1. Would you mind stating whether Lys24 is under 30 Å from Lys99 (Cα atoms) and among the charged types (D, E, K, R)?
2. Do we have any residue at all in the stretch 112-121 that's over 29 Å from Ser55 (Cβ atoms), of a type outside the set (Val, Ile, Thr), out of contact with any helix residue (DSSP H, G or I) (no Cβ under 9 Å at 6 or more places or on another chain) and surrounded by fewer than 18 Cβ atoms within 10 Å (Cβ to Cβ)?
3. Of these, Asp10, Asp68, which one is outside any helix (DSSP H, G or I) and over 24 Å from Gln119 (Cα atoms)?
4. Name every residue in the stretch 88-108 that is out of contact with any helix residue (DSSP H, G or I) (no Cβ under 8 Å at 6 or more places or on another chain) and not small (Gly, Ala, Ser), in order of residue number.
5. Scan the stretch 115-131 residue by residue and report those that are more than 18 Å from Asn156 (Cα to Cα) and in a helix (DSSP H, G or I).
6. If Glu138 satisfies every condition in (1) surrounded by fewer than 13 Cβ atoms within 10 Å (Cβ to Cβ); (2) within 22 Å of Ser66 (Cα to Cα) but one, which is the exception?
7. If Phe82 passes every condition in (1) exposed (fewer than 15 other Cβ atoms within 10 Å of the Cβ); (2) more than 20 Å from Glu71 (Cα to Cα); (3) under 15 Å from the mean Cα position of the chain (by Cα) but one, which one does it miss?
8. In the stretch 45-65, which residues are more than 16 Å from Ile81 (Cα to Cα), among the hydrophobic types (A, V, I, L, M, F, W, C) and either in contact (Cβ under 8 Å) with a residue 12 or more places away in the chain or loosely packed, with under 12 Cβ neighbours inside 10 Å (or both)?
Amino acid sequence: MEQNIENKIDYKSRLYNLYRFNKKKIYIFVFILISILIASIFLKYNSNKKDILISENYIKAGVFLSLDKKEEAIKIYEEIIFSKNEFYSILALNTLLDKNLISQNNKILDYFSAVEKIQKSSEQNDIIKFKKALFLLEQSNFEEGNNLLQNLVDKNSKLKSLAEEILSK
């Protein structure tokens with residue numbers, strides 16, 4: 001029993017000595033930990049706020065498009081594409097392509113380049129490359145389109161069967 005009490009006292013005194021000799025280091029560590037926590041909360045909040053703003057812009061562009069205000073819709077879709085949002089950039093590009101809003105091939109290829117630079121899953125990358133290959137084939141750029149499709153086949157992508165089917169035609 002006496003030994004147990006001595007161990008508790010010895011443990012408390014060692015803990016107190018550790019605190020007394022390393023007081024500055026402990027305070028600095030706690031300060032850095034709190035700073036990192038506050039910074040991560042702030043960055044998460046800003047990211048969430050930016051995502052909400054981009055989603056509102058996407059909806060606004062859709063409304064402009066339905067009201068036949070194509071120029072305003074195109075400007076907003078371009079902003080969304082270059083905002084490099086993983087979700088809405090791809091949607092904006094798909095909308096521009098599906099609705100044939102842009103007739104300049106160079107601009108569309110720039111949009112594809114911007115969307116390809118966004119970090120996303122390999123499946124999404126493959127879908128973007130597939131869509132780009134289809135666009136290039138539609139614009140009579142057979143060599144580059146076939147190269148993209150062949151890369152998908154060589155990569156053993158989930159789109160391999162579709163790419164092989166298009167290449168065989």
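Any read-out appearing in this document is the output of simple, stated calculations on the displayed coordinates, not a laboratory observation. All values reported here derive from a predicted model rather than from experimental measurement. Cβ: placed from backbone, ideal geometry, glycine included. Neighbour counts: every protein chain shown.
1. The answer is no for Lys24.
2. no
3. On inspection, the qualifying residue turns out to be Asp68.
4. If the condition is that a residue be out of contact with any helix residue (DSSP H, G or I) (no Cβ under 8 Å at 6 or more places or on another chain) and not small (Gly, Ala, Ser), then Asp98, Asn100, Gln104, Asn105, Asn106, Lys107 are the ones that fit.
5. Result: Val115, Glu116.
6. (2)
7. Answer for Phe82: the failing condition is (2).
8. Phe64, Leu65
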